[in-house]
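Novice: Would you mind keeping the following structure in view while I ask a few things?
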Amino acid sequence: MNEKPTSRGAMTSLQAVVTNDRPSTVHSKRSTVLALTIALSASIACLFLACRGAGRAGDTLLGIVPMETNVLGIITSKDGLHVAHVLLRGDKQVVFIDGVAQTEYDRILQGGPVFTTDGGRYAYAVKKGDKMQAIIDGKPGPEYDGVLAGGPVFSPDGRHVAYAGRNGEEWQVILDGKPGPQYDAAGDIVFSPDGRHTAYRAEKGDAHVVIFDGRPSPDYDGTGGGSLVFSPDGKRFAYAAKKGEKWFVVADDRPGSEYDGVSVPVFSPDGTRLAYAARNGAKWFVIVDGQPGPEYDVAERVVFSPDGKHLGYQVWQDMKTSMVVDGQRGPEYDTLSDLIFSPDGKRTAYFGRTGNNQFAVVDGQPGPACWPRDFAERPLFSSDSRHVAYPAQNDIGQFVIVDGQPGAVYPAARSIAFSPDGKRCAYEAWQDSKWLLVMDGQPGPETDLNFMTPPVFSPDSKRVLLLTMKGYKWLVLVDGRPGPEYDRILSGGPTFLPDGSIGYVAMRSDSLFRVKQLLGTQAVSGH
């Protein structure tokens, strides 16, 4: 099982250009895990066990999930403490919530189940005969001829839930069990970050509208799919709309200037500023607070700094690309990673690649040329913005550069993490067919365990955990000491709990447990 891994997957964030006139559901961020099938022996694990090394662990049996049946999907809550299994039983499908079987249906619709952020509520849509309905916290809602894929959607605070249902040819949005007006089409449901406001797109005949807290906008010839956005404080709202052949952004009910195309609008974190890319003819430019910037062949991926005082975006000109930060254009490359601002908003970092050379551009200055690596692992700033680290590679191997200083070279080096106080830096390295954890440049002992997640520091920065595998068994490594073994530890965990223990959901055979792993007194070296 000791296999040299590659990057865990690339994540490309390309800003969407509005071209879709039909409503489509905006999916909330959810942690979705595809089923990993492992042959398990039939046994039921104990309800409580003693654990040496990382501390005592108590596991509470949640239920039995018959894993010998066809597992269609496994979904965990954001905190990793709740899990939904979607199973095939004969010609029926059933959801298990935290190991407890729910009612069987003909089909569990795509996009579910979904948990609230705290995992306390759940919802999904089902098909029963010729009808469909939403299941909210285990309770079935009214039947419809159709339920829009991707629903239901919870508000960020978990207090509200909405989905779109169809009877005949008419669609309506159901908010907290109350159906809204009927339209020819309805979808793209979004909540404000504070959960107080709801918006969605709808159509009636040739009229396209945006519904905000139940109030329709003026009629448009089109509205932008996925363009409905709230400011982070929930006080402002914007979207893209179309009149004739021209597109514009409507912010706080006020339409902006018309263009041949616009991108999804972006609010600054403090909600006071608004930016988006726009096109006239073949040229693109970025509109910031109503003021257009220089023209380029392409302008995209608009992003504000955390303090809202700085703005960056990527541009293309004559087949070369560069970053523009506060109006200053950086060096040209063949391709770029995402632009990263430091937490205080004063610093920037990104990767640029030209030919076979890759550069880390920190605060506008390119570093030494390295071999190309996957953009999935981007430069990382510490929480105090004083330090920056990023992975690199040369003809010998891989290494991590921290504040401009390269570390030791390994066959593989990945998964950089800073402690919350910004004083510690850890990453995983592969050497002599074994993994080890490098802490502040010092390699730890080699281990036969396979590291499955990046290192995670405790909120007080005194401890560090890793989700690992020993052969076919999963366990949590805390400060280098192993916890109890399970057949599987589900995605989303482990996580540090407020009382300082570690929580996660795990399985032994068909038995599903919620585990609370108590820690000993040893902490990360240096604390």
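Nothing in this text is a laboratory measurement; each read-out follows from the coordinates by a stated rule. Remember, it's a predicted structure, so these values are computed and weren't measured experimentally. As a convention, Cβ positions derive from the backbone with ideal geometry for all residues, glycine included, and neighbour counts pool all protein chains shown.
Novice: Report the charge-dipole magnitude of the chain in Debye, nearest 20, computed about the Cα centre from +1 at each Lys and Arg Cβ and -1 at each Asp and Glu Cβ.
Specialist: Its charge dipole is roughly 980 debye.
Novice: Give, as ranges by residue number, the residues of region 271-286 whose backbone N falls under 16 Å from the point 7 Å along Cα→Cβ of residue 260.
Specialist: 277-286
Novice: Using amide H atoms built 1.01 Å from N in the peptide plane, name the residues 5+ places from residue 444, or on other chains, whose amide H lies under 5 Å from its own.
Specialist: 437, 438, 439
Novice: Karplus couplings for region 503-518 from phi (6.51 cos²θ - 1.76 cosθ + 1.60, θ = phi - 60°), rounded to Hz, Gly and Pro as x?
Specialist: So the J values, rounded to whole Hz, are x, 6, 10, 9, 10, 10, 6, 8, 8, 9, 10, 9, 10, 10, 9, 7.
Novice: Calculate the tail of P(r) for region 244-323: the fraction of all Cα-Cα distances greater than 14 Å, expressed in %. Walk me through the numbers on the way to the answer.
Specialist: Numbers: 1895 of 3160 pairs.
When every Cα pair of region 244-323 is considered, 60 percent fall beyond 14 Å.
Novice: Let me ask something else. Report the extension gain between residue 88 and residue 499 in nm, rounded to one decimal, defined as 0.36 nm multiplied by the number of residues separating them, less their alpha carbon distance. Provide the component values of the computation, followed by the final result.
Specialist: Numbers: separation 411, 0.36 × 411 = 147.96 nm, distance 3.81 nm.
That pair, residue 88 and residue 499, stretches by 144.1 nm at full extension.
Novice: Of the options 406, 468, 437, report the single residue whose Cα projects farthest towards the positive end of the charge dipole of region 400-480 (beta-carbon charges: Lys, Arg +1; Asp, Glu -1).
Specialist: 468
Novice: Another question, if that's okay. What is the spin-label model distance, in nm, from residue 434 to residue 159 if the labels are put 7 Å beyond Cα along the C-beta direction?
Specialist: 5.4
Novice: Right, something else. Which shape class applies to region 275-361: rounded if a/c is under 1.5, otherwise prolate when a/b exceeds b/c and oblate if not, where a ≥ b ≥ c are the square roots of the Cα gyration tensor eigenvalues?
Specialist: On the way: a/c = 2.62, a/b = 1.06, b/c = 2.47.
Oblate, since a/c reaches 1.5 and b/c is not below a/b.
Novice: Tell me, what are the semi-axes, in whole angstrom and largest first, of the equivalent ellipsoid of region 360-501 as set by the roots of 5 times the Cα gyration tensor eigenvalues?
Specialist: Values: eigenvalues 141, 71, 29 Å².
For region 360-501, the semi-axes come out at 27, 19, 12 Å.
Novice: Still on this structure: In debye, nearest 20, what is the charge dipole magnitude of region 160-210 about its Cα centre with +1 on Lys and Arg Cβ and -1 on Asp and Glu Cβ, if you could check? Please report the intermediate quantities before stating the final value.
Specialist: On the way: 5 positive and 8 negative charges, 36 e Å.
Charge dipole, region 160-210, about its Cα centre: 180 debye, nearest 20.
Novice: Report, please, the projected area of region 365-447 averaged over directions, based on the convex hull of its C-alpha atoms, in nm². If you can, show how the numbers build up before the last one.
Specialist: Working: hull surface 22.7 nm².
Mean projected area of the Cα convex hull: 5.7 nm².
Novice: Please list, by residue number, every one of the chymotrypsin sites (Phe, Trp or Tyr not before Pro) in region 390-489 that is coil in DSSP and has at most 16 other beta-carbon atoms within 10 Å. Could you put the intermediate results ahead of the total?
Specialist: Details: sites: 399, 418, 427, 430, 435, 451, 457, 472, 474, 486; in loops: 472.
Qualifying residues, ordered by number: 472.
Novice: Modelled label-to-label distance, residue 394 and residue 206, 7 Å Cα→beta-carbon offset: nm?
Specialist: My value for the distance between the label points is 6.7 nm.
Novice: Still on this model: Debye sum, Cα scatterers, the chain, no solvent: what log₁₀ I/I(0) at q = 0.06 1/Å?
Specialist: Debye curve over Cα of the chain, log10 I(q)/I(0) at q = 0.06 Å⁻¹: -0.34.
Novice: Taking the Cα centre of region 244-355 as the origin, how large is its charge dipole in debye, to the nearest 20, when only Lys and Arg (+1) and Asp and Glu (-1) carry charge on their Cβ atoms?
Specialist: The calculation lands at about 240 debye.
Novice: Just to compare against my own numbers: the Cα pair-distance distribution for region 82-220, 5 Å bins, whole % per bin, please.
Specialist: Going out from 0 Å in 5 Å bins, region 82-220 shows 2, 10, 20, 21, 19, 13, 8, 4, 2, 0 percent.
Novice: Using Cα pairs closer than 8 Å and at least 6 residues apart in sequence, work out the relative contact order for the chain, in percent.
Specialist: Numbers: 1410 pairs, mean separation 68.8, N = 527.
In percent, rounded to a whole number, it is 13.
Novice: Please list, in order along region 457-471, the HN-Hα scalar couplings obtained from phi with the Karplus expression 6.51 cos²θ - 1.76 cosθ + 1.60 (θ = phi - 60°), rounded to whole Hz, x for Gly and Pro.
Specialist: Going residue by residue, I get 7, 6, x, 8, 6, 8, 10, 9, 10, 9, 8, 10, 10, 10, x Hz, with x marking Gly and Pro.
Novice: Any idea which of 342, 217, 498 is furthest toward the positive side of the dipole for the chain, if Lys and Arg beta-carbons carry +1 and Asp and Glu beta-carbons -1?
Specialist: Selected residue: 498.
Novice: Stretched out fully, how many nm does the piece from residue 405 to residue 127 gain, at 0.36 nm a residue minus the Cα gap? Write out the running numbers ahead of the final one.
Specialist: Numbers: separation 278, 0.36 × 278 = 100.08 nm, distance 5.75 nm.
Difference between extended and current length: 94.3 nm.
Novice: Related question: Would you work out which of 162, 387, 357 lies farthest towards the positive end of the dipole of the chain, given +1 charges on the beta-carbon of Lys and Arg and -1 on that of Asp and Glu, about the Cα centre?
Specialist: The residue sitting most towards the positive pole is 387.
Novice: Obtain the nm distance between the two label points defined at residue 423 and residue 280 by a simple spin-label model: each point lies 7 Å from its Cα along the Cα-to-C-beta direction.
Specialist: 5.5
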